[in-house]
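To keep things clear, I will list the structure first and then write my remarks on it.
The values are calculated or read from the model by the stated rules, or taken from the named source; none is laboratory data. Everything quoted here is computed from the prediction, not taken from an experiment. So basically every Cβ, Gly included, is an ideal-geometry build from the backbone, and we count neighbours across all protein chains shown. Only protein heavy atoms, including side chains, enter the accessible area calculation; ligands, DNA and RNA are left aside. Shrake-Rupley method; radii C 1.70, N 1.55, O 1.52, S 1.80 Å.
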Amino acid sequence: MVKSRLLALFYSLKEIFLGDVGLYASALTLRFLMVISSLLLFFGFLASFFPFLNQEKITQVISQLTPTYAEVLINKLLKIYKHREIGSVFSFFISYFFLVGYAKTLAKAISRVLKEDIKLKETLLWIFIPVYLLGFSVFILVGSAVLSLLQSFIPKSLSFALSLSKLLLFLPLIYFMYWFFLRDTLKPMRILETSVLFLVFLMLLNFIFGKFFIKLIGLNPLYAVLGSLLSFLVWLELTFSFLLGAIIYAKRLEPNLKGG
């Protein structure tokens, strides 16, 4: 049992770094960035309806911060406020369209990894899974960043408690994410094993990137600003690679799967 798991782990890592997993991870990264960009646009329009971000207050702030370009910026702002209702509705549907595309891309990537079609009901694909994947991704993204930074600053005596909190927070989310796509393919215990492996991958990845980012800030805050976007993109693609790599691990252990 131990030998077969070690071989499956070796094969999954080989596919992650030397196989085609990176191509699927790149596609997922692009789709996720499109989702985030469209959501930022939507929340930008939505924020214009908040009382503390009304037109008069924003105009005053712009006039104080950039008096030279205030007129140009205010004219552009007025156009946004004039069409904010239409912009909000339009950006919402754009965001949802990208969310569905994100879900479909993930389903296709998992199908390619398993070498068999993942069949999902249209109601799940268009209603529940996109919303869940958005919540899952944002929670993993924000939670990983916060916990990685805490890992670098808290005393070593509290490191175990922080690691335990990651298990309690992330494992149920990861399990149900895999379950949506693999419930007809893998047994529940195998899905749980896959989830634990991905969580271990994620914790190691966050630890490495957390140390790297703290080191970058220590060298020069400007380097941290310039390198943060690139680091985020690398982290995001590796996260998707490990997410798919954990499925390859499960495939190698499941004798009934094609290609296993």
Practice item. Taking only the stretch 20-49 into account, find how many residues are open to solvent by 30 Å² or more (accessible area, probe 1.4 Å) and farther than 30 Å from Glu85 by Cα. Key: 5
**Study point:** Identity of the residue in the stretch 141-157, small (Gly, Ala, Ser) and in contact with a helix residue (DSSP H, G or I) (Cβ under 7 Å, 6 or more places away or on another chain), that ends up modelled with the highest pLDDT
**Key:** Gly143
Review point. Is there a residue in the stretch 86-104 that is over 22 Å from Phe42 (Cβ atoms), open to solvent by less than 80 Å² (accessible area, probe 1.4 Å) and within 23 Å of the chain's Cα centre (by Cα)?
Key: no
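Suppose we keep only residues that are under 25 Å from Lys215 (Cα atoms) and of a type in the set (Val, Ile, Thr) within the stretch 231-248. Which one would you say is surrounded by the most Cβ atoms within 10 Å (Cβ to Cβ)?
Initially, the stretch 231-248 is screened for residues under 25 Å from Lys215 (Cα atoms), giving 231-242.
This time we only want the ones that are of a type in the set (Val, Ile, Thr), so: 234, 239.
On the way: Val234: 15, Thr239: 23.
Per the stated criteria, the residue is Thr239.
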Exercise for review: Out of the residues in the stretch 111-125 that are of a type in the set (Val, Ile, Thr) and surrounded by fewer than 21 Cβ atoms within 10 Å (Cβ to Cβ), state the one that is modelled with the lowest pLDDT.
Suggested key: Thr123
Check your understanding: Using beta carbons and a limit of 7 Å, which pairs, at least six apart or on different chains, have the first residue in the stretch 208-220 and within 17 Å of Leu150 (Cβ to Cβ) and part of a helix (DSSP H, G or I) and the second one hydrophobic (A, V, I, L, M, F, W, C) and modelled with pLDDT of 70 or more?
Key -> Phe209/Trp235; Gly210/Leu149
